[in-house]
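Participant: Questions regarding the structure given below will be posed in turn.
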Amino acid sequence: MRKILIEKYNMQMPQVSNPNFNYYIKEVVRLAGIDEKIKITHKRGNKIIEETRPK
């Protein structure tokens, strides 16, 4: 499969912009079923802020 893709693009992979790459990664993770929640902690000034976001 890889050989077919490499030959299709003449031995060079196509360039992907950063926003598009991020979108594609999120889509792959969604299709893989990775949807657990994680807790993110950061400081803003003297306050510690905890957020729960999807992985």
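Participant: Mind listing whichever residues of segment 44-55 are modelled with pLDDT under 90 and outside any strand (DSSP E or B)?
Facilitator: Within segment 44-55, K55 is the sole residue that qualifies.
Participant: Yes or no: I34 in a loop (DSSP other than H, G, I, E, B) and in contact with a Lys or Arg (Cβ under 9 Å, 6 or more places away or on another chain)?
Facilitator: yes
Participant: Give me the pairs, please: first residue somewhere in segment 1-24 and surrounded by fewer than 10 Cβ atoms within 10 Å (Cβ to Cβ), second residue anywhere and among the acidic types (D, E), beta-carbon distance under 6 Å, and either six or more positions apart or on two chains.
Facilitator: Here the result reads none, with nothing in segment 1-24 linked to a residue that is among the acidic types (D, E).
Residues checked against (1) assigned to a loop (DSSP other than H, G, I, E, B); (2) among the aromatic types (F, W, Y); (3) at pLDDT 90 or above:
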residue	(1), (2), (3)
K3	no, no, no
I6	no, no, no
P14	yes, no, no
V28	no, no, yes
K39	no, no, yes
H42	no, no, yes
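The values are calculated or read from the model by the stated rules, or taken from the named source; none is laboratory data. In this text, all values refer to a predicted model and were calculated from it rather than measured experimentally. Every residue, glycine among them, receives a Cβ derived from its backbone with ideal geometry; neighbour counts consider all protein chains shown.
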